[in-house]
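All remarks here apply to the structure that follows.
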Amino acid sequence: MPSTPTLYRGHEGMWMWIVHRATGVAIFFFLLVHVLDTSLVRLSPEAYNQVIDSYKTPLYGLLEAGLVAAIILHAFNGLRIIAVDRWTWALRHQKLLVWVVWGIFVVLMAGFLPRQLTNVFGGE
Amino acid sequence: MTTHDYDVVIVGAGGAGMRAALESSQRARTAVLTKLYPTRSHTGAAQGGMAAALSNVEDDNVEWHVFDTVKGGDYLVDQDAAQILCAEAVDAVLDLEKMGLPFNRTEDGHIDQRRFGGHTRNHGEAAVRRACYSADRTGHMILQTLYQQCVKQDVEFFNEFYVLELLLSEDPQDAKPGAEVAVAGVVAYELATGEVHTFRAKSVIFATGGAGKIFKTTSNAHTLTGDGMGMVLRAGLPLEDMEFFQFHPTGLAGLGILLSEAARGEGGILRNSTGERFMERYAPTIKDLAPRDMVARAISNEVREGRGCGPHKDYVLLDLTHLEPAHIDAKLPDITEFARTYLGVEPYTEPIPVFPTAHFAMGGIPTTVTAQVLRNNTDVVAGLYAAGECACVSVHGANRLGTNSLLDINVFGRRAGIAAAEYAAATASAPALPPAADAGVAGLVEKLRSSVSGGGTETVAGLRREVQETMDRNVQVFRTSDSLTAAAGVIADVKARYENIAIHDRGQKYNTDLLEAVELSFLIELAEVVVAGALARQESRGGHYREDFPTRDDEKFMKHTMAYGSPGGIRLDYKPVVITKYQPMERKY
Amino acid sequence: MAAPELSHPLPSTRKRLTPAHRWWWKFQRISGVVLVVLLFAHLFYNLVLGDGVNQIDFAFVAGKWAAPLWKWWAFALLVLAMLHGMNGMSYLVGDYARSQRTRRFLNALLGAATAVIVVLGTLVIFTFDPCPQGADASLLPSFCAEVGK
Amino acid sequence: MTAVEEVPTELGGVAVMQVTLRIKRMNPEGTGDHAPGEDYWEEFHLEAHATDRVLDALHKIKWEQDGTLAFRRSCAHGVCGSDAMRINARNRLACKTLLKDLNPAKPILVEPIVGLPVEKDLIVDMEPFFASYRKIMPFLMPAGPAPERERLQTPAQRERFDDTTKCILCAACTTACPVFWTDGQYFGPQAIVGAHRFIFDSRDEGQWDRLEILNDTAGVWKCRTAFNCTEACPRGIEVTKAISEIKHALNTGEI
Ligand SMILES: Cc1cc2nc3c(=O)[nH]c(=O)nc-3n(C[C@H](O)[C@H](O)[C@H](O)COP(=O)(O)OP(=O)(O)OC[C@H]3O[C@@H](n4cnc5c(N)ncnc54)[C@H](O)[C@@H]3O)c2cc1C
Ligand code: HEM
Ligand code: SF4
Ligand code: F3S
Ligand code: FES
């Protein structure tokens, strides 16, 4: 039985590659569902609202927060990748840029999360 | 057993082997057998440069180069060979450039050149810029470039094939002078499978490199175990001038990793514990750029007389701190990184601890200037060639000048490739192989395998350490009759105990344990030859310094040593030196 | 450019560079930059302004799409995100699918899914009626009342 | 785990310490305890100097404890490229990794590089790696007839490709690349480095042949800028930068 090799202790670049990949896939599948459920608006207001209402649970609210987190990470890391491919400076400082991405992520989430959580848990 | 049939078989894929392959494979069906992937060969470790009187940066000419080579070699150089080496140097460098080698350049786009030890203008007036280089990885670039050309030409490599025996048409020790002895092929052991292969060939070229591992402190790779020289000796052929081993002055202290002479060529200075630039005392004119044997002895002497540095006063310092960091980065990036990685020393600001390290075998398999292997002072073995560090043409005499070896492997590697292919073309077929041609190697391998359960008591590492330590202690920069006799005793003892060796691995596949044992047997025999030659040479010349005979003795010893293996021990004979233009003079710098 | 001198012939590669991978690589980057704008405005409008997630219902969507800007915004988002996502997913297929056959099959599936979603989405966006006949007026955007009159 | 105790003794000025190496083994012919081809971890305890390299420790094991341990090595100072292996979960050369730079409090993990078939213990089949290198036509393709003397090249032109000439073909980069692990289709960073060395050489005229090859499905577009290659390269080559320069050349047609 060939055993698996150790998990490679890559640096920032490798972990961000994993993050980028995972978030990209997650967003893609969400997008498929999201287009389908939004299409219900074409069917009837009742159908749409019914589905959307069923989403308005705390669980779904959290998932949605996760989605936003994924988008923020994917988007800003995507910009980092673009910069790295484009400018030598960014290439040489790609690690710094990883921390910039996380910085932006923290700031944006700090702005968004309270709003989302009060909306989700705050009740009517 | 598998048998292969080729016109030319080249053993070794370092600089010499691949340069030969480029010529030979264009002319004849050629196989290159190498125990390492070609790009792992130790040519890749060479740093400083390759000499050629290109006159790209200052006036220079072939004659000056010949003179420096002869004088540097303490007049033991065969001057006809040196003439060829230096005359073909220019084309050798230009050929490499055309193959794509990325030399450093002058502002106007030509190949740049720098100073190196012993290379002078106008017969010793002052140091001259003769070394063509590529930062401090010239050998790396040569090895890569030659390999790239081999890829282009689709050269057939047998990688990780250890050649262990040379097959001749008859025993040269029984053959009469003048009678024909021809090469028949080689027997090789395939690392991946443990299979023994016989290669029948019309011509065979040995290009197996050096034997630095007979010493403990060495700049040489673990794999430089002198296999080619050992096989030749076992086949009943002589080895020439083996007592001349070069100790490079600046190995990283305690480790032996080389810091190229280029460090001094670029302005580095050697200092002792008092901070003195001590080379001013030993070589007033060219100081730190004196030939290696002199600098190595000077360092050892400083240490012996108590002016060494460090807690044990056992090294001196190579000072680069007065050089611009940018200059260091441009010209000496690798060696300064070695200092950082392995000693934790920052060369910009701290001097680097150095001590002489066993570096280069001036001696080796005796050849003519067309790289044909000699079986005595006059007769050649038909179809057998040697080139590179394993060969002795002899262009290095008693002491090689820095940058002349990369030159040697290219000039004589090329010559060997052409000659071997031409010989093969003119020869109808290789001599018939003896029955059971592979029996020798198969037997050797089986014997070692059976030692796993056979209860041998000696270990490869243990015996090897004993040989290496005695060589370091007794056969290094300073030698005496006593030290050499002591070494001979240890080697004889180790040789006897080798019979009782035991290895661990009895497997067929990738059995490096077994091969280390075989390599050790070559090391022991070569150490024996070195010591025998050194004992008999009661003079001091170039790299061989006898404290009990501290001067050169041209009367008795202006001759090459020819050592033959025999049941009773090493038998020594001598061969005259070819002198054409330059009569021996005292060697002063 | 002169033909290289070679000792034995190599496959001739003098044809023009095939643009496919290169084009998609560039697209991935350009679409990425555009998506940052499109997506964050979308998220901000929907989740942060007003009542956040809770505000989302038919009336909200219909109200938004009444403006041509948001209609086209949604369309651009749909197309770019789907193409970007499709190509991104096909990177994964290229990396993880073991055989040429699986690779081809999965890429076809991806292409089909993308086509379906893009077509469906486009139809919805452009044929969408914010004030469908006979619907419960309380579910509709307020301007329907005026339209109905 | 108390793998290491600093022994207070000094030997030649260097501290002696106890280290544990945990080595991934595989014997194609099997051993008493293990079936042919089975891989397993084995621990070795030894005494070493802080300044020893991992290669020294492997030698100590091979020479004093278990001669069957198989690994490649030659130069022992980082210039021949024989001994790339995964040490503490990162690709490095055993001869360039000092024990003192690893955490000696824990066992040091040593395993073969990943993505090439393991032959025995730490030895892998390098042929697929060299095959990728050969594919990019790694030799000068000069234009026109050779001049009598050298082809001219300014120091600036020479500097343009200096970085990638340093490659020793050790495979540390390629086998550290997560994209290479996925299916082995990717040429890998080394082949790109090898091509870069010629593409940016002012004397070479084969750029477009090589760029065409790198433009292929298995070529540069597979790189996801994970930077493992750059981090792993023992020669300090900016591998990702070289790859990026190739992408740029393909996109703009400028070299
Ligand atoms: C650190 C260092 C720096 C140096 N710097 C310089 C310099 O700046 N300038 C200069 O001129 N010289 C320099 N030298 C010397 C020079 O590099 C060598 O002498 C030269 O490269 C030797 O080349 P070679 O082809 O003979 O052998 P190598 O390159 O050592 O090749 C030997 C080949 O033989 C093969 N081989 C060995 N045994 C067997 C076997 N049993 N079966 C099959 N194959 C076998 C090996 O696989 C290898 O391919 C330096 C040497 C060292 C060690
Ligand atoms: C918000 C702005 C976005 C930016 C800036 C962005 C940027 C990028 C970039 C530059 C890449 C290429 C990565 C590479 O070649 O290494 C990429 C890959 C990818 N993107 Fe996006 N993207 C964004 C949005 C999205 C969306 C909305 C989706 C989902 C539909 C998505 C899914 C993917 C996927 C699946 C990949 C492939 C990941 C991989 O190969 O590892 N991205 N993205
Ligand atoms: S680029 Fe660096 S890591 Fe990759 S093979 Fe070359 S030297 Fe090794
Ligand atoms: S690790 Fe691989 S993904 Fe690119 S940057 Fe290096 S080749
Ligand atoms: S042994 Fe040569 S690179 Fe490590």
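The values are calculated or read from the model by the stated rules, or taken from the named source; none is laboratory data. Computed from a prediction, not measured in an experiment: that's the story for all the values here. Cβ atoms come from the backbone with ideal geometry, glycine included; neighbour counts cover every protein chain shown.
For this structure, a couple of remarks:
- Whichever residue in the stretch C:98-147 is of a type in the set (S, T, N, Q) and assigned to a helix (DSSP H, G or I) and, among such residues, is modelled with the lowest pLDDT: C:Ser138
- Inter-residue pairs, beta-carbon under 7 Å, first within 30 Å of C:Ile56 (Cβ to Cβ) and in the stretch A:89-117, second aromatic (Phe, Trp, Tyr) and surrounded by 16 or more Cβ atoms within 10 Å (Cβ to Cβ), 6+ apart: A:Val101/A:Phe76; A:Ile104/A:Phe76; A:Phe105/A:Phe76
- Among residues of the stretch B:152-161, those that are in contact with a Phe, Trp or Tyr (Cβ under 8 Å, 6 or more places away or on another chain) and not basic (Lys, Arg), counted: 3
- Selected residue (criterion: farthest from the other protein chains (Cβ to nearest Cβ)) from residues of the stretch C:47-59 that are part of a helix (DSSP H, G or I) and without any contact (Cβ under 8 Å) to a residue 12 or more places away in the chain: C:Gln55
- None of D:Arg158, D:Arg235 is in contact with a strand residue (DSSP E or B) (Cβ under 9 Å, 6 or more places away or on another chain) and more than 9 Å from ligand 4 (Cβ to nearest atom) except D:Arg158.
- For the stretch D:205-233, taking the residues that are within 13 Å of chain A (Cβ to nearest Cβ) and of a type outside the set (A, V, I, L, M, F, W, C), the one that is nearest to ligand 2 (Cβ to nearest atom) is identified as D:Arg224.
- Those residues of the stretch D:84-96 which are part of a helix (DSSP H, G or I) and away from ligand 1 (no atom under 16 Å from the Cβ), in sequence order: D:Ala94
- With respect to the stated conditions, B:Thr561 is β-branched (Val, Ile, Thr) and touching a residue at least 60 places away in the same chain (Cβ under 8 Å).
- Wholly within the stretch A:1-101, helices (runs of 4 or more DSSP H) carrying at least 2 residues that are away from chain D (no Cβ under 14 Å) and under 22 Å from C:Tyr96 (Cβ atoms): A:12-43, A:58-86
- Candidate set: the stretch B:494-515, residues that are within 8 Å of chain D (Cβ to nearest Cβ) and part of a helix (DSSP H, G or I); chosen: the one nearest to B:Ala461 (Cα to Cα): B:Asp513
- Boolean, B:Ala45 is in contact (Cβ under 8 Å) with a residue 24 or more places away in the chain, touching a His at 6+ places or on another chain (Cβ under 9 Å) and within 16 Å of ligand 5 (Cβ to nearest atom): yes
- Selection within the stretch B:286-335 - of a type in the set (Gly, Ala, Ser) and either within 26 Å of the chain's Cα centre (by Cα) or over 18 Å from B:Ser273 (Cβ atoms) (or both): B:Ala290, B:Ala296, B:Ala298, B:Ser300, B:Ala326, B:Ala330
- Each residue in the stretch B:162-196 was checked for being away from every other protein chain (no Cβ under 14 Å) and either touching a Phe, Trp or Tyr at 6+ places or on another chain (Cβ under 7 Å) or among the small types (Gly, Ala, Ser) (or both), and 12 of them qualify.
- Per this entry, D:Val124 is not counted among residues that are farther than 27 Å from B:Gln144 by Cβ, within 16 Å of ligand 5 (Cβ to nearest atom) and surrounded by 19 or more Cβ atoms within 10 Å (Cβ to Cβ).
- Selection status of C:Phe44, out of contact with any Ser or Thr (no Cβ under 7 Å at 6 or more places or on another chain) and within 21 Å of D:Asp183 (Cβ to Cβ): no
- Residues satisfying the stated conditions in the stretch B:129-159, i.e. closer than 14 Å to B:Thr403 by Cα, over 19 Å from the mean Cα position of the chain (by Cα) and facing chain D (nearest Cβ under 9 Å): B:Ser134, B:Ala135
- When B:Asp241 is tested against (1) within 25 Å of the chain's Cα centre (by Cα); (2) surrounded by fewer than 23 Cβ atoms within 10 Å (Cβ to Cβ); (3) under 27 Å from B:Val518 (Cα atoms), only condition (2) is not met.
- Test: residue in the stretch D:234-243 that is small (Gly, Ala, Ser), more than 16 Å from ligand 5 (Cβ to nearest atom), within 14 Å of chain A (Cβ to nearest Cβ) and on the phi < 0 side of the Ramachandran plot: yes
- Close Cβ contacts (under 7 Å, 6 or more residues apart or on different chains) running from residues in the stretch D:147-172 that are more than 16 Å from ligand 5 (Cβ to nearest atom) to residues that are assigned to a loop (DSSP other than H, G, I, E, B) and aliphatic (A, V, I, L, M) comprise D:Asp163/D:Ile237; D:Thr164/D:Ile237.
Condition check ((1) touching a Leu at 6+ places or on another chain (Cβ under 7 Å); (2) farther than 29 Å from B:Phe158 by Cα; (3) β-branched (Val, Ile, Thr); (4) within 16 Å of ligand 1 (Cβ to nearest atom)) across all residues:
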position	(1), (2), (3), (4)
D:Lys135	no, no, no, no
D:Glu148	no, yes, no, no
D:Leu152	no, yes, no, no
D:Thr165	no, no, yes, no
D:Leu169	no, no, no, yes
D:Phe180	no, no, no, no
D:Glu205	no, yes, no, no
D:Ile213	no, no, yes, no
D:Arg224	no, yes, no, no
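- Index of the failed condition, B:Ser55 passing every other in (1) at positive phi; (2) touching a residue at least 12 places away in the same chain (Cβ under 8 Å); (3) within 14 Å of another protein chain (Cβ to nearest Cβ): (2)
- Selection status of D:Arg210, touching a strand residue (DSSP E or B) at 6+ places or on another chain (Cβ under 6 Å) and in contact (Cβ under 8 Å) with a residue 40 or more places away in the chain: no
- Cβ-Cβ distances below 7 Å connect no pair with a first residue in the stretch B:483-507 that is closer than 27 Å to D:Ile61 by Cβ, a second residue that is buried (at least 20 other Cβ atoms within 10 Å of the Cβ) and of a type in the set (Phe, Trp, Tyr), and a separation of six or more residues or different chains.
- The listed residue being at positive phi, touching a Gly at 6+ places or on another chain (Cβ under 6 Å) and not polar (S, T, N, Q), out of B:Gly194, B:Gly139, B:Gly209: B:Gly209
- Restricting attention to the stretch D:60-83, the residues that are more than 10 Å from ligand 5 (Cβ to nearest atom) and either in a loop (DSSP other than H, G, I, E, B) or within 8 Å of chain B (Cβ to nearest Cβ) (or both) add up to 8.
- Of all the criteria given as (1) more than 12 Å from ligand 1 (Cβ to nearest atom); (2) within 28 Å of B:Lys495 (Cβ to Cβ); (3) in contact with a Phe, Trp or Tyr (Cβ under 7 Å, 6 or more places away or on another chain); (4) of a type in the set (A, V, I, L, M), the one not satisfied by B:Met242 is (3).
- Those helices (runs of 4 or more DSSP H) of the stretch D:137-204 in which at least 1 residues are more than 10 Å from every other protein chain (Cβ to nearest Cβ), among the hydrophobic types (A, V, I, L, M, F, W, C) and more than 16 Å from ligand 2 (Cβ to nearest atom), considering only elements entirely within it, cover D:189-199.
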